[in-house]
Amino acid sequence: MNALLTRLRARLANERGFTLIELLVATACGMIVSVATLAIVISSVHLSANYTDRIDSNQEGRVAMERIIQALNSSCVSATLPPILAGTGGSDGNDAVFYSSLTDSPTITPNKVEVSLVGATGAQSLVMYTYDYVSGTTPSTWAFAGTPSTSDVLLPHAAALTIAGVFGYYGYTTSGPLALSGTSFATPLSAADAAATAKVTITFEAQPSDGSFTAANANANGEATDFTDTVGLRLAPASTASGSTNTPCT
């Protein structure tokens, strides 16, 4: 027993420590584990940020699209009155200007609404402007305020997905069984094409509201979300009779 205790005391009293090679091996192993752990953490943070941005752009884009569709669905304010407007400050690929009765005010007269993609490329927003009705008893005499009463930013970071812009305008053909023409009207809309517009397409890219998306990454991480939808400006099904004009809001 005494011999065993003596050996234990001798071993515990030994202050030899680690050799340089042992320290180097231990340090290298620790660095490998630390680097691997750090890589996992960084990857997780990036994935989480991308996922959050994707959800954000999806939610923001859905709300913006719903607001635009609601306004356009309320644009047939009078039977046979074309709602899409042309002329100075009229509709084009990145501006849809139309009558709309989507308002909280108890009135039978519409407002003029403009939905625009504004800003420089790479820093654009979708904005809805509302111009209040001022005077006039018939559509030909309606007058609206020169400046918008409200300017709602529907989407703080957006982009057009096509060269033609966010909005496309379509009318009906009149030869045989009818269908909406496959080619959109040229923009800016002429008065004749605006009067015949019976369908509007909306297509845009919603980007994260924190502004983290840039053109440089080309959406490589999937932060942005593409949206497209269509609004038919009809109060009744279109006629299939040859020669029918099928004007909007009829």
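Residue check, Thr183 against (1) polar (S, T, N, Q); (2) free of Cβ contacts under 8 Å to residues at least 40 places away in the same chain; (3) open to solvent by less than 50 Å² (accessible area, probe 1.4 Å), all met but one. Which one?
For Thr183, the exception is condition (3).
Return the only residue of Thr183, Thr197, Thr174 being modelled with pLDDT of 85 or more, among the hydroxyl-bearing types (Ser, Thr, Tyr) and out of contact with any strand residue (DSSP E or B) (no Cβ under 7 Å at 6 or more places or on another chain).
Just one listed residue meets the conditions, Thr183.
How many residues, within segment 57-107, are touching a helix residue (DSSP H, G or I) at 6+ places or on another chain (Cβ under 7 Å) and open to solvent by 50 Å² or more (accessible area, probe 1.4 Å)?
Total meeting the criteria: 2.
Kindly list the number of the only condition in (1) crowded, with 21+ Cβ neighbours inside 10 Å; (2) more than 17 Å from Gly232 (Cα to Cα); (3) modelled with pLDDT of 90 or more; (4) not aromatic (Phe, Trp, Tyr) that fails for Asp53.
Of (1) crowded, with 21+ Cβ neighbours inside 10 Å; (2) more than 17 Å from Gly232 (Cα to Cα); (3) modelled with pLDDT of 90 or more; (4) not aromatic (Phe, Trp, Tyr), only one is false for Asp53: (3).
Filtering segment 108-117 down to residues that are surrounded by fewer than 21 Cβ atoms within 10 Å (Cβ to Cβ) and in a loop (DSSP other than H, G, I, E, B), which residue is modelled with the highest pLDDT?
Checking each candidate, the answer is Thr109.
Any residue in segment 59-73 that's within 20 Å of Phe98 (Cβ to Cβ) and assigned to a helix (DSSP H, G or I): show its pairings with residues that are open to solvent by 80 Å² or more (accessible area, probe 1.4 Å) and modelled with pLDDT under 95 at Cβ separation under 7 Å, as long as the two are six or more apart or on different chains.
Gln70/Leu102; Ala71/Leu102
Pick from Ser105, Ser125: which is outside any loop (DSSP other than H, G, I, E, B) and either modelled with pLDDT of 95 or more or of a type outside the set (Lys, Arg) (or both)?
On the way: Ser105 fails: outside any loop (DSSP other than H, G, I, E, B).
Every option except Ser125 fails the conditions.
Which condition number in (1) open to solvent by 70 Å² or more (accessible area, probe 1.4 Å); (2) at pLDDT 90 or above; (3) in contact with a Phe, Trp or Tyr (Cβ under 8 Å, 6 or more places away or on another chain) is the one that Leu161 fails?
The failed condition is (2).
Can you find even one residue in segment 145-156 that is crowded, with 17+ Cβ neighbours inside 10 Å and among the small types (Gly, Ala, Ser)?
no
The values are calculated or read from the model by the stated rules, or taken from the named source; none is laboratory data. Only a predicted model underlies this, so the values are computations on that prediction, with no experimental measurement involved. Positions of Cβ are backbone-derived with ideal geometry, glycine not excepted, and every protein chain shown enters the neighbour counts. In case anyone asks, the SASA skips ligands and DNA or RNA and just uses the protein heavy atoms, side chains included. Shrake-Rupley method; radii C 1.70, N 1.55, O 1.52, S 1.80 Å.
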